[in-house]
Amino acid sequence: MQAAPAVHKDSLVLALDFGGSKLVAALVEPRRGKIIFKTRQERLPTANAQRSLEQMIALGRRVLLEEQLSGNALLRLGVSFGGPLSHDRRSVLRSMHVPDWEIFPLAERLEAAFGCPAFMDNDANAAALGEWRFGAGRGLDSLLYVQISTGVGAGIIANRRLLRGAGLAGEFGHMTITPDGPRCVCGKRGCVESFAAGWALARDGRTALANAPQDSLLRKLSAGDPQRLDARLVCEAVRQGDPSAAAIVDRASRALGMAIANAVILLDPQAVVIGGGVSRSQDVLAAPLTAALTANLPPMFQGRCPLKFSQLGGDETLLGAALLNQ
Ligand SMILES: [Zn+2]
């Protein structure tokens, strides 16, 4: 048996993921897609940009300490951020979910803290890269990656490259499904995200709870506390047979399926890969989502583009961030 190649310290990347509700730091060997050490922390509910940055720097230093490395032993930093970035991908334009991230020079601040170059992209683009290189999209030339987590986003691989447009390509979550639909975090109404994001499922769960009978599963699972009703719990209620939760997931799946179908018609990818925290409820989502996708594709697209789920168990974002090098 051939021995695994030794890890050279100068080939290591510190990958940082600023999510909507969590911060994650990991030491990654990008050539093999191997996570050597990973640690995560819930983002402080009160944290603004500066405080989140300090939390992340501390988290990154903890990773280096664990592996007895200093910043100059790193090849680079790979940074995933849950929101739109400036055209040069050096600054955060804003976060839809965390206050105070307006025009924040994140790459520069991280380079100063760790003493090595930092490369950034938004979370869906990073995850698309990770899934394409190491997961469900391995070997394909084109791929649509759809992320369902706190928000909804997408990353597009076309001709073996990440499609960035003028910088904001893949802001899939804000495509309009119903012009008079629910209010979205972006200020519009009826975006994909306003039906299918983690926050939208939680909102619909709370509404259902307010109208639920005393013996309902939603009430039992949340102990009657609306604050405990998140997307994961709504999906658990579906699993256990709650009809109001099933209606919520059906509506979200119809919106998502319609938007994915539109994107498939536009891009003709070889596969669609679904990832992100909410997608861990694959057993609940796969059937209604597949049905909605099929219903919205014209005959020439039927059976052409398989719908897959992430194979990297949530690590796709960090693995993709570690691949960023320009
Ligand atoms: Zn929106």
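Scan the chain and note any complete DSSP helix (H) whose C-alpha atoms cover at least 30 Å along its axis and whose Kyte-Doolittle average is 0.5 or more.
Numbers: long enough: 243-267 (35 Å, 1.20).
Sorted by number, the helices that extend far enough and score high enough are 243-267.
Quick one: accessible surface of Val24, probe radius 1.4 Å, all protein chains present, in square angstrom to the nearest 10.
The value for Val24 is about 10 Å².
What accessible surface, in Å², does a 1.4 Å probe find on Glu54, ignoring ligands, DNA and RNA and rounding to the nearest 10?
Glu54 has an accessible surface of roughly 90 Å² with all protein chains in place.
Quote to one decimal, in nm, the extra length available between Arg189 and Asn159 on full extension: 0.36 nm per residue of separation minus the C-alpha distance between them. Spell out each step's value before the answer.
On the way: separation 30, 0.36 × 30 = 10.80 nm, distance 3.31 nm.
The Arg189-Asn159 span can extend by a further 7.5 nm.
Using alpha-carbon positions, what is the distance between the centroids of the stretch 109-186 and the stretch 21-44, in Å?
Each part reduced to its Cα centre gives a spacing of 18 Å.
Sorting His97, His87 by accessible area (1.4 Å probe), largest first, what list results?
His87, His97
What is the spin-label model distance, in nm, from Arg61 to Ala295 if the labels are put 7 Å beyond Cα along the C-beta direction?
5.4
Rounded to the nearest 5, what % of the DSSP beta bridges within the chain are antiparallel ones? Each step should come with its number before you reach the end.
Numbers: 26 of 44 bridges.
Percentage antiparallel, nearest 5: 60.
Calculated FRET efficiency, Asp283 and Glu54, Cβ-Cβ r, R0 25 Å, to nearest 0.05? Walk me through the numbers on the way to the answer.
Details: r = 39 Å, r/R0 = 1.55.
Calculated transfer efficiency: 0.05.
Take the Cα pairs of the stretch 5-136, get the Kirkwood Rh, then feed it into Stokes-Einstein at 37 °C and 0.692 mPa s and tell me D in µm²/s. Numbers along the way, then the final one.
Values: Rh = 14.8 Å.
Answer from the Stokes-Einstein relation: 221 µm²/s.
Compute the Kirkwood hydrodynamic radius of the stretch 139-309, taking the inverse of the mean of 1/r over all pairs of distinct Cα atoms, and give it in Å to one decimal. Walk me through the numbers on the way to the answer.
On the way: mean 1/r = 0.0610 Å⁻¹.
That comes to 16.4 Å for the stretch 139-309.
Using unit Cβ charges (K, R positive; D, E negative) and no other charged atoms, how large, in debye to the nearest 20, is the dipole of the chain about its Cα centre?
Values: 36 positive and 30 negative charges, 35 e Å.
Dipole magnitude for the chain comes out near 160 debye.
Work out the charge dipole of the chain with +1 on the Cβ of Lys and Arg and -1 on the Cβ of Asp and Glu about the Cα centre, then indicate which of Val185, Ala255, Cys116 is farthest towards its positive end.
Positive-most Cα among the choices belongs to Cys116.
Taking Lys220 as the anchor, which lysines have their alpha carbon closer than 30 Å to its alpha carbon, excluding any fewer than eight residues away along the same chain?
Qualifying lysines at Cα under 30 Å: Lys22.
What is the extension gain from Asp180 to Leu266, computed as 0.36 nm multiplied by their sequence separation minus the C-alpha to C-alpha distance, in nm to one decimal?
Values: separation 86, 0.36 × 86 = 30.96 nm, distance 2.39 nm.
Once the chain is fully extended between Asp180 and Leu266, it gains 28.6 nm.
Need one number: % antiparallel among DSSP beta bridges in the stretch 139-309, to the nearest 5.
Details: 10 of 17 bridges.
Around 60 percent antiparallel, to the nearest 5.
For the chain, set up a Gaussian network in which alpha carbons nearer than 10 Å are linked by springs, and say which option among Pro30, Pro182, Pro84 fluctuates the most.
Of Pro30, Pro182, Pro84, the Gaussian network model singles out Pro182 as fluctuating most.
Among Phe37, Phe309, what's the order by accessible area (1.4 angstrom probe), most exposed first? Numbers along the way, then the final one.
Numbers: Phe37 55, Phe309 25 Å².
From most exposed to least exposed: Phe37, Phe309.
Kindly sort Leu65, Leu229 by accessible area of their heavy atoms, largest first, with the probe set to 1.4 Å.
Result of the area sort, largest leading: Leu65, Leu229.
Considering only protein heavy atoms, what is the solvent-accessible area of Arg280 at a probe of 1.4 Å, reported in Å² to the nearest 10?
Accessible area, nearest 10 Å²: 120 Å².
Round to the nearest 0.05 the FRET efficiency obtained for Leu140 and Ala210 when R0 = 51 Å and r is the Cβ-Cβ distance. Mind showing how you got there, number by number?
Working: r = 44 Å, r/R0 = 0.87.
Working from the Cβ atoms, E equals 0.70.
The values are calculated or read from the model by the stated rules, or taken from the named source; none is laboratory data. As the structure is a computational prediction, the values presented were derived from the model and not from experiment. Neighbour counts run over all protein chains shown; Cβ positions are idealised from the backbone, glycine included. Just so you know, the surface numbers come from the protein's heavy atoms only, side chains and all, with ligands and any DNA or RNA stripped out. Shrake-Rupley method; radii C 1.70, N 1.55, O 1.52, S 1.80 Å.
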